[in-house]
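Please read the structure below before turning to the comments.
The values are calculated or read from the model by the stated rules, or taken from the named source; none is laboratory data. Since the model is a prediction, treat every value here as computed from it, not as a measurement. All Cβ positions, even for glycine, are placed from backbone atoms using ideal geometry, and neighbour counts span all protein chains on display.
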Amino acid sequence: MAPTTATPMATPATATPAVELTSVGLRDRKKAQTREAFIDVAVELFEQHGFEDTTVDDIAAAVGVSARTFYRYFARKEDVVLADGIERAERLRAGLAAQTGAASPLTALRAAIDQSVLGHRTPPEGAQAWRRLRLQRRVISATPSLRALNAAVHESWVSVVATHAAEMVGEEPTDRWPALFGRCSVAAIATAIERWGADPTIVLSEECDAVLALLQPIDRPSVLDPRRRSLAPAPAGVAAGTTRGRR
């Protein structure tokens, strides 16, 4: 039987942490909702009026807050468009790290894209997320300053993929194969997004998987997978054990 000793009543000192945890959770949720509202409203305004002609004051007024509140979430107007791309790169990093049993970098990437980057939204939240992505793509394409900044976000994706691929094949991210795999993979994903943005009948998750599948000929087995370690071939024309450092 469980002990019958009466549980003492919580004192104010012991009750406070639970209250604080609840209030912190509510504050975090409110902050996340406000951030989402800023992004959704901003991309709509940028689409309607142009990025350069829309001010932070315009965005804040549409959300119903002050410009000072906007700057608590974003350091500059450009960040409200680019923030999602940076966040998705971090989700991709975490998703790749979770693919501990993947047989190859490409297998890990296809699963991570599907599960961590594209598969985290469900209707009706998903519908708004896809609309936002389409609008962001159009706004970035139409704004030279954003295209230049988005190139840095693109590079962060390349770095995430190349770093994980290098770890899986036992090389450095700057070695020839990981560097190539990172760039080819992100170019494939960008191609899928471009095609999806231009054709409403395309399903983005399916298109991403289809374009990544085209990289199968350059994929390599993971040396981290014990089932495949002894089968991992050296690149054609290069003796086993001599790939590291050749760039």
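Here are a few things to note about the model shown:
- For first residues located in the stretch 24-47 and in the same structural domain as Ala67 (by TED's automatic domain parsing), partners that are surrounded by 19 or more Cβ atoms within 10 Å (Cβ to Cβ) and not in a helix (DSSP H, G or I) and lie 6+ apart or on another chain with Cβ distances below 6 Å form the pairs Leu45/Thr54; Phe46/Thr54.
Residue-wise test of (1) closer than 21 Å to Cys208 by Cβ; (2) touching a residue at least 60 places away in the same chain (Cβ under 8 Å); (3) not in a helix (DSSP H, G or I).
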| residue | (1), (2), (3) |
| --- | --- |
| Arg68 | no, no, no |
| Tyr71 | no, no, no |
| Arg76 | no, no, yes |
| Leu82 | yes, yes, no |
| Ala89 | yes, yes, no |
| Ala108 | yes, yes, no |
| Ala111 | yes, no, no |
| Val117 | yes, no, no |
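- Top-ranked residue in the stretch 89-105 [being of a type in the set (S, T, N, Q) and crowded, with 19+ Cβ neighbours inside 10 Å; ranked as nearest to Ala166 (Cα to Cα)]: Ser104
- Look at (1) modelled with pLDDT of 95 or more; (2) touching a Gly at 6+ places or on another chain (Cβ under 9 Å) and you find that Val223 fails only one, number (1).
- The residues in the stretch 180-202 that are farther than 22 Å from Ala151 by Cα and in contact with a helix residue (DSSP H, G or I) (Cβ under 8 Å, 6 or more places away or on another chain) can be counted, and the count is 1.
- Arg137 meets the stated requirement of being surrounded by 15 or more Cβ atoms within 10 Å (Cβ to Cβ), within 27 Å of Ala37 (Cβ to Cβ) and out of contact with any Lys or Arg (no Cβ under 9 Å at 6 or more places or on another chain).
- Candidates are the residues of the stretch 159-173 that are surrounded by fewer than 20 Cβ atoms within 10 Å (Cβ to Cβ) and touching a helix residue (DSSP H, G or I) at 6+ places or on another chain (Cβ under 8 Å); the one that is farthest from Ala42 (Cα to Cα) is Glu172.
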